[in-house]
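Quick notes on the structure that follows.
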Amino acid sequence: MDHSQVPVLEALAAYHAEKHTPFTPPGHKQARGADPRVSAVLGDAVFRADVLAISGLDDRRSSNAVLERAQELMADAVGAEHTFFSTCGSSLSVKAAMLAVAGPHEKLIVGRDAHKSVVSGLVLAGIRPVWVDPQWDAERHLAHPPSADAFRAALEEHPDARGALVTTPTPYGTCSDLSSIAEACHEHGVPLIVDEAWGAHLPFHPDLPTWAMDAGADLCVTSVHKMGSALEQSSVFHLQGDLIDPSVLKSREDLLGTTSPSVLMYAGLDGWRRQMVEHGHALYDETLALAKDARARIAEIDGMHVHGRDDFCGPGRAVDLDPLQVVVDITALKTTGYRIADWLREHHHVDLHLADHRRISAQLTHADDQDTARALVTALSDVAAHAAELRPAPHVEVPDPAGLRLEQVMLPRDAYFGRIEEVPWEQAVGRVGAEMLTPYPPGIPAALPGEKLNADVLRYLRSGVDAGMVVPDAADTEVKTVRVSVEDVEGGD
């Protein structure tokens, strides 16, 4: 296919060249009605690109197939059979993917390190999760994706499961053995869904980890805004094989998605695909070299240890690592990642990707260069020199894997929508949670609706909040009170 074509951008340019006069939404009418104070910040170009997809970018019958052609080009660019654009983020896309595979009360094998959007999908659909535990690095207090053997065992124990879902890469850049997980799923005749939100760039350079379609997955969801050049909320589904009907997937997306998709996001996705096909390999040659150099320079800073393959990959850990996620252990500085991140933003206007009780991370993409890398290294060197000011940091009580693993005794949907009460966190021990409690980022829930809460997890969250952890989805974001179910759970799931 001719990847110099950009159907959305070309249609948008034609819309302006033809001087259309819209009597349709959006009401700002090509920026004419926008508040000048807003335009002073956003610029008129944002409003001028904000047109309807139907009766705007295309006619009311979509007879020019603008979106269809853009999606076909994206699929061809990455070697998928079908691609669908989504403007509601991968938080919606992953829900649609799950609903294309399993329905109410049907089983889905899911890695317990799933993002909160996956849990939201379980709540909305009433899907019965069969959890697969991540691989736990006790030395570093970090979870890596579940092993292929763990997925295989779950599939054998639950032959009625409709499919499986795995998250890879994780927000820390660690990757699962996708080929073996896909093989296990296909041996049981069920599809594999991959939440590959952090992997938009993977198809475009051989030195990056293997991406989902090349590993044999049936369906993957990618947030192109995370590691690509698209705008926030831009997401795509990629599909191959015959285990998931593309018309069913499209129907599920239509069920959940907006009827007013953003042409701005479509345009960003379309242009990013052209950029990657034409220049992606060269761009990532430069980015990988930049990351290698930045990692080496950060490793020279006293008190900072840059995690690499030797730390994260091997038996009982991850299979591969995305080197563009630069994860730094700051334990030797005797403070927390939360305090480091806050200090860097205040003093250097440097915003980090992740921060936890003992780590920080910086995400590099093809947009970075020597100047941004230098700014990162300079800021990290400075915070290390001022670490004494960030001590003593409150201690976060991180439990071992047994303490972190909660028993699922109710369906997530039943607990979330059932009768609840809000109790002091100390009184929630032994009760069934009715809300998600999610340290964010990375957005992996520590407790889910329907799980029986224990003292270890509650102390972890309470001590974490006191140390700087953010738990934004809790009814009480300080986790001093917790929502619990009042339903009788005897003989529960």
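Only the coordinates and a few stated rules stand behind these numbers; no lab work does. This one's a predicted model, so the numbers in the text were calculated from it and none came from an experiment. Methodologically, a virtual Cβ is constructed for each residue, glycine included, from the backbone with ideal geometry; neighbour enumeration extends over all protein chains shown.
Tabulated values for the structure
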read-out	value
DSSP beta bridges in the chain [antiparallel fraction, %, rounded to 5]	70 percent
Sites GLU487 and ARG309, calculated FRET efficiency, Cβ-Cβ separation with R0 35 Å, nearest 0.05	0.15
Percent of beta bridges antiparallel (DSSP, the stretch 86-159, rounded to nearest 5)	40 percent
FRET efficiency for GLU81 and HIS158, using Cβ-Cβ distance with R0 set to 35 Å, rounded to 0.05	0.80
Magnitude of the charge dipole, the chain, Cβ model with Lys/Arg +1 and Asp/Glu -1, debye to 20	1120 debye
For the stretch 1-160, share of DSSP beta bridges that run antiparallel, in % to the nearest 5	35 percent
For the chain, average projected area of the Cα convex hull in nm²	24.1 nm²
Full-extension gain in nm, GLU478 to GLN370, via 0.36 nm per residue minus C-alpha separation	34.9 nm
Tensor-based shape of the stretch 325-388 (alpha-carbon gyration tensor, a/c under 1.5 rounded, otherwise prolate or oblate)	prolate
Three-way shape call for the stretch 157-229 based on the alpha-carbon gyration tensor, with the a/c threshold at 1.5	prolate
Anisotropy class of the stretch 376-493 from Cα gyration tensor, a/c 1.5 cut	prolate
Dipole magnitude of the stretch 377-493 about its Cα centre (Cβ charges: Lys, Arg +1; Asp, Glu -1), debye to nearest 20	180 debye
Fully extended contour minus Cα-Cα distance, from VAL248 to SER63, at 0.36 nm per residue	64.3 nm
Linear extension gain, MET1 paired with HIS188, 0.36 nm per residue minus alpha-carbon span	63.8 nm
Efficiency of FRET between VAL423 and GLU286 - r from beta-carbon atoms, R0 45 angstrom, step 0.05	0.25
Cα pair distances in the stretch 266-311, grouped into 5 Å bins until the bin that holds the longest one, percent each	5, 18, 16, 15, 13, 11, 11, 8, 3
Computed helical MRE - 222 nm, the chain, DSSP H runs ≥ 4 contributing -39500 (n - 2.57), nearest 500	-11000 deg cm²/dmol
